[in-house]
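**Q** Take this structure, written in structure tokens, and hold onto it; I'll ask about it next.
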Amino acid sequence: MTLEERIIQSLDKIRPYIQRDGGDMEFVSVNDKGVVTVRLLGACIGCGLIDYTLRGGVEALLMDEIEEVTGVIAEDYDL
């Protein structure tokens, strides 16, 4: 399984919790330093708690499950 496939598989574990609150996110890319970029969707866009969700949830899960992952950032978007 590729790194990207493993990241998507891990993200799919946390997505139902994010979707329950009206948001969503999808995998965009991972760079050569192991930083994963995700795209925010739905209620996640503009949410004041997104930093907590990214760091305390998504990043913690990915870094715990996938050794190559060093961080998670959200893709820039226009409101």
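**Q** Under 8 Å between Cβ atoms, which residue pairs at least 6 apart in sequence (or on different chains) link something in segment 46-62 that is among the small types (Gly, Ala, Ser) with a partner that is open to solvent by 40 Å² or more (accessible area, probe 1.4 Å) and modelled with pLDDT under 90?
**A** Close Cβ pairs (under 8 Å, with a partner that is open to solvent by 40 Å² or more (accessible area, probe 1.4 Å) and modelled with pLDDT under 90) amount to Gly46/Leu79.
**Q** Still on this model: Just one of Leu49, Leu62 is farther than 23 Å from Arg6 by Cα and among the aliphatic types (A, V, I, L, M); which is it?
**A** So the residue among Leu49, Leu62 that is farther than 23 Å from Arg6 by Cα and among the aliphatic types (A, V, I, L, M) is Leu49.
**Q** Out of segment 23-37, which residues are open to solvent by 40 Å² or more (accessible area, probe 1.4 Å) and closer than 18 Å to Met1 by Cα? Walk me through it before giving the result.
**A** Here is the first cut: in segment 23-37, the residues open to solvent by 40 Å² or more (accessible area, probe 1.4 Å) are 26-29, 31-33.
Listed by number, the residues that qualify are Phe27, Val28, Ser29, Asn31, Asp32.
**Q** Looking at Leu61, Leu40, Leu49, Leu3, which is the one that is on the phi < 0 side of the Ramachandran plot and open to solvent by less than 30 Å² (accessible area, probe 1.4 Å)?
**A** Of the residues listed, the single one that is on the phi < 0 side of the Ramachandran plot and open to solvent by less than 30 Å² (accessible area, probe 1.4 Å) is Leu40.
**Q** Looking at segment 54-75, can you tell me whether even one residue there is touching a helix residue (DSSP H, G or I) at 6+ places or on another chain (Cβ under 7 Å), in a loop (DSSP other than H, G, I, E, B) and modelled with pLDDT under 95?
**A** Among the residues of segment 54-75, not one is touching a helix residue (DSSP H, G or I) at 6+ places or on another chain (Cβ under 7 Å), in a loop (DSSP other than H, G, I, E, B) and modelled with pLDDT under 95, which makes the answer no.
**Q** Restricting the search to segment 25-75, which residues are over 16 Å from Lys13 (Cα atoms) and among the small types (Gly, Ala, Ser)?
**A** Correct list: Ser29, Gly34, Gly42, Ala43, Gly46, Gly48, Gly71, Ala74.
The values are calculated or read from the model by the stated rules, or taken from the named source; none is laboratory data. What you see is a predicted model; the values in this text were computed from it and never measured. Cβ atoms come from the backbone with ideal geometry, glycine included; neighbour counts cover every protein chain shown. Remember, those area values only see protein heavy atoms, side chains included, never the ligands or the DNA or RNA. Shrake-Rupley method; radii C 1.70, N 1.55, O 1.52, S 1.80 Å.
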